[in-house]
Amino acid sequence: GIYSSGLVIPYIGAGLSVFANKYHKDKFLTWREFLNTYYQQCFGSTLDYNADLYKTANKIYDKVGEEQFYAKIKDCYGSQFSKDDWNIILDSAKNEAIGLIPKLFSGPIITTNFDGILEKLYHSSVKVFLPNDKNIEQKIYDVKKHRVPSVYKVHQSSNILLGWFLY
């Protein structure tokens, strides 16, 4: 009954995008994989299994600087992909769990994904909200009230990273 009434707002973890890694081996990594790969490039060693990912991200950020750090994230999560690259990923997403989300939920979604797979699956009708949006409470209220397809990106977007999540 709750689902039928549209009151369920899914919280989608970034793991649902990892399937796309099979099409681009160095893209769509988990956050830990991304940090481990980049950490190896910066410091020549792998991360300890118990490494604090927040501190690791800051250590890399301090070494390479904001511009390079965010460029690497954007590259990893598809913001530089061509339309053909995205079409391959979106076509294969139809057979993945993430491909079911637009079929199951027509209203707001909350996600930790950096990438744009969810937005692209919903096409141009989706509104994207970021934590630093002005009047975010009013926008979310409007989305809930009108059941508009929307994605609230808890950790920002690879297309619009702003440096707020470090430090």
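The values are calculated or read from the model by the stated rules, or taken from the named source; none is laboratory data. All values reported here derive from a predicted model rather than from experimental measurement. Note: ideal-geometry Cβ built from the backbone for every residue, glycine included; neighbour counts use all protein chains shown. Please note that ligands, DNA and RNA were not included when accessible areas were found on the heavy atoms of the full protein model with its side chains. Shrake-Rupley method; radii C 1.70, N 1.55, O 1.52, S 1.80 Å.
Among the residues of this structure, Ala51 does not count as one that is part of a helix (DSSP H, G or I) and among the small types (Gly, Ala, Ser). Scanning the range 1-21 for residues that are outside any loop (DSSP other than H, G, I, E, B), of a type outside the set (A, V, I, L, M, F, W, C) and free of Cβ contacts under 8 Å to residues at least 60 places away in the same chain, we see that the one that is farthest from Ala97 (Cα to Cα) is Asn21. Of everything in the range 70-96 that is closer than 19 Å to Arg32 by Cβ and touching a residue at least 60 places away in the same chain (Cβ under 8 Å), the residue that is most open to solvent (accessible area, probe 1.4 Å) is Lys74. Tallying residues that are open to solvent by 10 Å² or more (accessible area, probe 1.4 Å) and at pLDDT 80 or above within the range 111-121 yields 3. The residues on offer are Lys25, Lys59, and the sole one that is among the basic types (Lys, Arg) and in contact (Cβ under 8 Å) with a residue 12 or more places away in the chain is Lys59.
Criterion first (closer than 30 Å to Lys145 by Cβ and not aliphatic (A, V, I, L, M)) does Lys103 satisfy it? Here the answer is yes, as Lys103 does meet what is asked. When Glu33 is tested against (1) part of a helix (DSSP H, G or I); (2) over 30 Å from Leu121 (Cα atoms); (3) among the charged types (D, E, K, R), just one condition goes unmet, and that condition is (2). Looking only at residues of the range 4-16 that are open to solvent by 40 Å² or more (accessible area, probe 1.4 Å) and of a type outside the set (Ser, Thr, Tyr), we find that the one that is farthest from the chain's Cα centre (by Cα) is Leu7. Just checking, how many residues over the range 17-69 are open to solvent by less than 90 Å² (accessible area, probe 1.4 Å) and charged (D, E, K, R)? Looking only at that region, the number is 4.
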